[in-house]
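A.B. asks: Quick one: the structure is below, and I'll ask about it shortly.
Just so it is clear, none of the values below were taken in a lab; they were calculated from the coordinates. For clarity, every value in this text was computed on a predicted model and none was experimentally measured. Every residue, glycine among them, receives a Cβ derived from its backbone with ideal geometry; neighbour counts consider all protein chains shown.
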Amino acid sequence: MNDTHDPLPALLDRLETLDKLNEILIDCRRCPRLVEWREETARSKRRAYRDWEYWGRPVPGFGDPGARIFVVGLAPAAHGGNRTGRVFTGDMSGDFLFGALYRAGFANQPVSTHRGDGLVLRDVYIGAGARCAPPDNKPTREEMDACRPYLLNELRLLKNLQGIVALGSIGFETVQTAFRQRGVTVPRLKFGHGALYPLGEGLPWLMASYHPSQQNTQTGRLTTAMFDNIWQKARDLIS
Ligand code: SF4
């Protein structure tokens, strides 16, 4: 994506609400590979969800527009967010995340199964580095770059923001890149579970966490206690 001729950043910069941003986001077709994958997955479906009408589009951010904490994941799962249309909703990563948010008082319920399930987030807004489900859960660098204008504008529109929790090293990297694109000098920060960095005067802090993927949670790399520590730390930082 050649930034010089890319009209999207200027269009998004004029928007005044997250709702407006999400209206544009859900029609996005900038990444041909991801458009094809998200739509093919929505057509072919997983057998267990054959009665679902998959969302099959970019998955918008979700949560409290007055949030003090912004959570940045990697990308929607093919049969999770790409099915339900809500980020982290309907897969095991989401179960792990929303359970932890509930225990820390950031969510009104510990489970999240579909967009009408009554889940309300308090003081937390969730986005991702790429908004369309990628093959093998791996967006390319170009796709992350193409999607970053949405993240940049979420950062701008979350007016009460005090901190960012990045889930996984790719989310951690893309947040740093977003701030550099905003003209902030961010040194190369080292990823580590619980690593916490100030980004500068008047800017939110950035905390890294292992991603609550099954690969991490089912191998014990990320335990419930380790993840709860992240949210307790975030709670303490904004209190
Ligand atoms: S990943 Fe982002 S930029 Fe690419 S098509 Fe999806 S919403 Fe658009």
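A.B. asks: Only helical DSSP H runs with n ≥ 4 go in: add -39500 (n - 2.57) per run for the chain, normalise by residue count and round the 222 nm mean residue ellipticity to 500 deg cm²/dmol.
C.D. replies: -11500 deg cm²/dmol
A.B. asks: Relative contact order, percent, of the stretch 152-239 when contacts are C-alpha pairs under 8 Å separated by at least 6 residues?
C.D. replies: Worked out over the stretch 152-239, it gives 30 percent.
A.B. asks: Now a separate question. Projected area of the stretch 1-84, taken from the Cα convex hull and averaged over every viewing direction, in nm²?
C.D. replies: With every direction weighted equally, the projected area is 6.8 nm².
A.B. asks: Further question: List the pair-distance distribution P(r) of the stretch 78-129, using every Cα-Cα distance, as the percent of pairs falling in each 5 Å bin from 0 up to the bin containing the longest distance, rounded to whole percents.
C.D. replies: It works out to 5, 24, 32, 28, 10, 2, in whole percents.
A.B. asks: Given a 10 angstrom Cα cut-off, can you work out which residue in GLY127, GLY202, GLY90 is the most mobile in a GNM of the chain?
C.D. replies: The residue that fluctuates most here is GLY202.
A.B. asks: Counting only C-alpha contacts under 8 Å and six or more residues apart, can you give the relative contact order of the chain as a whole percent?
C.D. replies: About 21 percent, as a whole number.
A.B. asks: Suppose we flag GluC sites (Glu not before Pro) only when DSSP calls them loop and at most 16 other Cβ atoms lie within 10 Å. Which is the longest uninterrupted stretch of the chain?
C.D. replies: That would be 54-200.
A.B. asks: Hey, another quick one. Give the cross-link partners of LYS233 among the lysines, using a straight C-alpha distance below 20 Å as the criterion and excluding same-chain residues fewer than 8 apart.
C.D. replies: Correct list for LYS233: LYS190.
A.B. asks: Please report, in cubic angstrom per residue, the volume enclosed by the convex hull of the alpha-carbon atoms of the chain.
C.D. replies: Each residue corresponds to 120 Å³ of Cα convex hull volume.
A.B. asks: Quick one: compute the contact order of the stretch 43-162, relative version, from alpha carbon pairs under 8 angstrom and 6+ residues apart, as a percent.
C.D. replies: 32
A.B. asks: Charges at C-beta only: +1 for Lys and Arg, -1 for Asp and Glu. How large is the resulting dipole of the stretch 1-141 about its Cα centre, in Debye rounded to 20?
C.D. replies: 400
A.B. asks: Still on this structure: Residue by residue through the stretch 6-18, which ³J(HN,Hα) values in whole Hz follow from phi under the Karplus form 6.51 cos²θ - 1.76 cosθ + 1.60 (θ = phi - 60°), with glycine and proline marked x?
C.D. replies: 8, x, 4, x, 5, 5, 5, 4, 7, 6, 10, 9, 5
A.B. asks: Give me Rg/Rg_expected for the stretch 76-211, where Rg uses Cα atoms only and Rg_expected = 2.2 N^0.38 Å with N residues.
C.D. replies: So the stretch 76-211 has a normalised radius of gyration of 1.04.
A.B. asks: Under 5 Å between amide H atoms, partner at least 5 residues away or on a different chain: which partners does GLY63 have, H built in plane at 1.01 Å?
C.D. replies: Amide H neighbours of GLY63, under 5 Å, 5+ apart: ILE126.
A.B. asks: Right, here's the next one. What percentage of all Cα-Cα pairs in the stretch 148-239 are separated by more than 24 Å?
C.D. replies: When every Cα pair of the stretch 148-239 is considered, 21 percent fall beyond 24 Å.
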